[in-house]
Structures are given as structure tokens and as C-alpha cells.
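Okay, so here's the structure we're looking at.
Just so you know, all these numbers are worked out from the coordinates, no wet-lab data involved. Please read all numbers here as calculations on a predicted model, not as lab measurements. Backbone-built Cβ (ideal geometry, glycine too); neighbour counts: all protein chains shown.
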Amino acid sequence: MVQSFHQDLECFEIIFNKAKYNALAKEQQAILKYSCEAWSADMSWKLQKRYPEDLVKIEKAGVKVYETPKSVLEAQLAAWDRLLPRLSKENAFFGKVIESQKAWAKTVAGFMGQFESPRELAANHYFGLKKVG
């Protein structure tokens, strides 16, 4: 099943030992910072090519790909709404991160929803976007 909430965002992450990182010279820290940014961007570009190619391969191999039903998406949201308060209460840092993400999303997602054109409209117009399911 495709188009589930976990698929909206994939990120690339490299974790460093903070004490060791802080002990590096500023130039070395900059090298790490910019090489990680470049690597992350590189992986993002590659996934834009790989994912569609991989989808064609698995479909040719007989895998049936379906759009996640709205009822499943709604159940995912309801489950998350039940879990979030407990997890935030049990772990203050988790709660702080969630609130930060919500504040960011309120600004960014709201702007994108209001000012970005519907991507599927142009994709259908120019490329005959294939609907899954």
C-alpha cells in the first residue's frame, strides 16, 4: 500500500558524538556539516529516480500496489492521537520535539497548501500520471 503517512517524509540522518564533534577544529566541523548536507541532497535526488523505477520492477514481478484506503489513514491518525499525549507525558524531550514539529508544520504546511498548485494536475496534464489501485 502506498500513500501512507509514514511515506510523506523520509530523512537522511548522520549522528555524531557531540563531545568529539565539538572537539574538532571549526574547519573540520564545517567539512562534516557540508558533506552531510551534500550527501543528504544526493540521496534525495537519487530516491526521486529510484522509487519510480523500483515500483515498475516490483509491479512487473507481480506485486500488487494499492492506494491506502482513507479508512486506514483515518485509523492511523486516530491511533497517533491516542498515543501522542501519553508518549509526550512519559518523555518530556519527545513532547518538546512534537510541539516544535507542530509549530513548524503549521507554518510550512499551511503555506504550501495555500500557495502551491496541485502537483497531480500538472502531472496528469503533461505526463498522464498513473493512478495506483
Label selected from (i) 12, 34, 29, 17, 7, 1, 0; (ii) 9, 22, 34, 25, 10, 1; (iii) 10, 25, 19, 15, 14, 11, 4, 1, 0, the criterion being P(r) over Cα pairs in 10 Å bins from 0, in percent as computed here: (ii)
Between helix 92-115 and the chain: long-axis angle, C-alpha atoms, 0 to 90°, nearest 10: 50
Low-density loop cleavage sites - trypsin sites (Lys or Arg not before Pro) in segment 1-110, where at most 15 other Cβ are within 10 Å (DSSP): Lys64
Inter-site label distance for Glu59 and Lys46 at 7 Å from Cα along Cβ, in nm: 2.4
Gain on full stretching of the segment that runs from Glu67 to Arg86 - 0.36 nm per residue minus C-alpha separation: 3.8 nm
Other-chain or far-sequence residues with amide H under 5 Å of Glu67's (modelled H): Val2, Gly133
Dipole moment magnitude, nearest 20 debye, the chain about Cα centre, only Lys, Arg, Asp, Glu C-beta charged: 180
Value of [θ]222 nm, deg cm²/dmol, for the chain, DSSP H segments ≥ 4, -39500 (n - 2.57) each, nearest 500: -24500 deg cm²/dmol
